[in-house]
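Worksheet for the structure shown next.
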Amino acid sequence: QSALTQPASVSGSPGQSITISCSGTSRDVGYFKSVSWYQQHPGKVPTLIIYADDKRPSGVSDRLSGSKSGNTASLTISGLQPEDEADYYCSSSSSGSSNCVFGGGTKVTVL
Amino acid sequence: QVQLTQSASEVKKPGASVKVSCEASGYTFTDYYLHWVRQAPGQGLEWMGRIRPDNGATDYAPKFQGRVTMTRDTSINTAYMEMSGLKTDDTAVYYCAKEYDVLTGYYPWGQGTLITVS
C-alpha cells in the first residue's frame, strides 16, 4: 500500500480537463512545499512535470498545473491530448519514517 | 547536459547480492542528493533511499534498511546501490535520480537497470 493515495484511473475526452488527486497527511503532502508529479509512458523513464507543489520545469507544457490544499495535492491537465495518455505519480518529502513517499499512480486514458 | 548513466541489466539467483552504479555528468555531483527508486513489473514507483554525495550520508526507506547500502565515489562522480539477500520479488527496474530542487523533484532519471532475480 502506497503512502500517498491516488485514484487508479482517470479518463477524459480530447480537449477536456481532468484532475488527479494525491492524498497524504500533515507529515508529507501537508508538511512543506515538496509535492512533485511525474508522467510515465509505457516502457519509458518517468519524467518530472511539477515540483514544489505548483512549479513547472522549463519545457513542460502549461496545460499541466499543480496545486495543493491541506493534505491533498492535485494535478490538472487542461485541453487533454492523446499524448497525455500515460501513468502519473505524485511524490512528497516526508517527516515520517520514510523521507520520501510516492503515490500508487494514476492511469490517464484519453477516450 | 545533466545526465545519469546506469550499469547494465543483471540476472541474479535468490540470496545473491547486486550492485548498481549511476554515473553523473553535466553538474556538480556533490551539490545534490541522489535518490534510488525501483519499479516492479506492472507496478508503481517505490522510493528506496538517498545519498548526499558531499559527505556520504544516507537515508533509507524502512523496508530496505539493513538490506540496501548506498555509497558514492566522488572521484568518478558515481553513486552505487547494493542490495543483499535478493528475493524473487526484488525483480524490478532500479532507477537513480537527481534531486531537482531542495527536497522536491527528481530530474533527471537514469535509464534504469533491470535486475531479474530467478
(request) Treating the Cα atoms of segment A:23-111 as identical point scatterers in vacuum, please give the log10 of the normalised Debye intensity I(q)/I(0) at q = 0.26 Å⁻¹, two decimals. (result) -1.36
(message) Please give the charge dipole size of chain B, origin at the Cα centre, charges +1 on K and R Cβ atoms and -1 on D and E Cβ atoms. Round to the nearest 20 debye.
(response) 360 debye
(message) Could you work out the relative contact order of segment B:78-118? I mean the mean sequence separation of Cα pairs under 8 Å and 6+ apart, divided by the number of residues, in percent.
(response) 44 percent
(request) Among A:80, A:30, A:60, flag the residue with its Cα farthest along the positive direction of the charge dipole of segment A:4-111, charges on Cβ as +1 for Lys/Arg and -1 for Asp/Glu. (result) A:30
(message) Could you give each residue of segment B:48-55 its phi-based ³J(HN,Hα) in whole Hz, using Karplus coefficients 6.51, -1.76, 1.60 with θ = phi - 60°, and x for Gly or Pro?
(response) 9, x, 8, 10, 9, x, 5, 10
(message) So if I average 1/r over every pair of distinct C-alpha atoms in chain B and take the inverse, what Kirkwood radius in Å does that give?
(response) 14.1 Å
(message) Less than 30 Å apart at the alpha-carbon level, and either on another chain or at least 8 residues along: which lysines does that give for residue B:63?
(response) A:33, A:44, A:68, A:107, B:12, B:13, B:19, B:87, B:98
(request) Taking each pair of different alpha-carbon atoms in segment B:56-118 once, compute 1/r for the pair, average those values, and report the inverse of that mean as the Kirkwood hydrodynamic radius in Å to one decimal. (result) 13.3 Å
(message) Explain nothing, just compute: Karplus ³J(HN,Hα) = 6.51 cos²θ - 1.76 cosθ + 1.60, θ = phi - 60°, for every residue of segment A:41-55 in order, whole Hz, x for Gly and Pro.
(response) 7, x, x, 10, 6, x, 10, 6, 10, 9, 9, 6, 6, 9, 9
(message) Over chain B, with the other protein chains present, what is the accessible area per residue in square angstrom, probe 1.4 angstrom?
(response) 45 Å²
(request) Output the relative contact order of segment A:6-80, whole-number percent, from Cα pairs under 8 angstrom with separation of 6+ residues. (result) 37 percent
(message) Debye calculation, C-alpha points only, no solvent: report log10 I(q)/I(0) for segment B:24-75 at q = 0.27, 0.30 Å⁻¹, in the same order as the q values.
(response) -1.04, -1.15
(request) Compute from the Cα atoms of the protein assembly as shown the Rg and the Dmax, the latter being the longest Cα-Cα distance, and quote both in angstrom. (result) 17.2, 51
(request) Determine by what factor the alpha-carbon radius of gyration of segment A:1-51 differs from 2.2 N^0.38 Å, reporting the quotient. (result) 1.33
(message) Looking at chain B as a GNM with Cα springs under 10 Å, which of B:69, B:28, B:91 has the largest mean-square fluctuation?
(response) B:28
(request) Would you mind calculating the relative contact order of chain B from Cα pairs under 8 angstrom and at least 6 residues apart, reporting the percent as a whole number? (result) 36 percent
(request) For the B and A pair, go ahead and give the buried accessible area with a 1.4 Å probe, both sides summed, in Å² to 100. (result) 1800 Å²
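The values are calculated or read from the model by the stated rules, or taken from the named source; none is laboratory data. Just so it is clear, the model here is predicted, and its values are computed rather than measured. Cβ sites come from the backbone with ideal geometry, for glycine too, and all protein chains shown count toward neighbours. Accessible surface is based on the protein model in full, side chains and every heavy atom, while ligands, DNA and RNA are left aside. Shrake-Rupley method; radii C 1.70, N 1.55, O 1.52, S 1.80 Å.
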